[in-house]
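Working notes for the structure below.
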């Protein structure tokens, strides 16, 4: 039987140290991958990210990740996008100019509506209302997770959506088949966040 081996994508944007530390703490076998080769050796892949959609999308494409990630998921293997990594799963982002995303989900990444009572970026712990699917196993609904973002995704259809409110309701977690995305940072969300990462690894293996 094939053993669990997590691939953590490092493509020149964002700080992946907290994700690496979380996987180490959970004691799973992993590797940081900077180039998309030999992906068949990984049971699951995590795409973390912070920063600009435009810059990150260009970096992924230039380094060959667009094709590699699509091929990986088309084989039914699990992918988990975190924060900007989730946003990049969609068709388009407008941050620092329009850019094409991976297109794994229909929809785009847009900025929050202006609201003086709810500052942007949205930073800190906030409540997630989830769908009680397998990745949420033994995680109470309306649990707090840590957010840092100025943009939100607007999916069109065919995704299971968990939601959070910050001035307006937005999608904070998505899932369809073998593809998962969190707008929040589970690796910075204490025990509940670590439980979500463990569920992704164990429940999709």
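The values are calculated or read from the model by the stated rules, or taken from the named source; none is laboratory data. From a predicted model like this one, the values you see are computed outputs, not experimental measurements. Note: ideal-geometry Cβ built from the backbone for every residue, glycine included; neighbour counts use all protein chains shown.
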| said: Please pick out the residue among 165, 188, 156 that is surrounded by fewer than 22 Cβ atoms within 10 Å (Cβ to Cβ), under 24 Å from residue 110 (Cα atoms) and modelled with pLDDT under 95. | reply: 156
| Would you pick out the residues in the range 61-109 that are over 12 Å from the mean Cα position of the chain (by Cα), in a strand (DSSP E or B) and touching a residue at least 60 places away in the same chain (Cβ under 8 Å)? | 105
| query | residue 197 is checked against (1) crowded, with 19+ Cβ neighbours inside 10 Å; (2) out of contact with any strand residue (DSSP E or B) (no Cβ under 6 Å at 6 or more places or on another chain); (3) within 14 Å of residue 111 (Cα to Cα) and fails just one. What number does that condition carry? | reply | (3)
| task | Determine which single condition residue 55 fails, assuming it passes every other condition in (1) over 25 Å from residue 176 (Cα atoms); (2) without any contact (Cβ under 8 Å) to a residue 40 or more places away in the chain; (3) not in a loop (DSSP other than H, G, I, E, B). | result | (2)
| remark: For the range 36-80 the number of residues that are out of contact with any helix residue (DSSP H, G or I) (no Cβ under 9 Å at 6 or more places or on another chain) and either farther than 17 Å from residue 92 by Cα or modelled with pLDDT under 90 (or both) is 7
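Per-residue answers, yes or no, for (1) touching a residue at least 24 places away in the same chain (Cβ under 8 Å); (2) not in a strand (DSSP E or B):
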| residue | (1), (2) |
| --- | --- |
| 162 | yes, no |
| 172 | yes, no |
| 175 | yes, no |
| 181 | yes, no |
| 187 | yes, yes |
| 191 | no, yes |
| 194 | yes, yes |
| 197 | yes, yes |
| 201 | yes, yes |
| field | Selected residue (criterion: nearest to residue 97 (Cα to Cα)) from residues of the range 24-35 that are surrounded by fewer than 18 Cβ atoms within 10 Å (Cβ to Cβ) and in contact with a helix residue (DSSP H, G or I) (Cβ under 8 Å, 6 or more places away or on another chain) | value | 32
| Would you pick out the residues in the range 118-138 that are surrounded by 17 or more Cβ atoms within 10 Å (Cβ to Cβ) and either free of Cβ contacts under 8 Å to residues at least 40 places away in the same chain or outside any strand (DSSP E or B) (or both)? | 130, 135, 136
| query | So which residues in the range 1-23 are free of Cβ contacts under 8 Å to residues at least 12 places away in the same chain and either in contact with a helix residue (DSSP H, G or I) (Cβ under 9 Å, 6 or more places away or on another chain) or within 30 Å of residue 54 (Cα to Cα) (or both), if there are any at all? | reply | 17
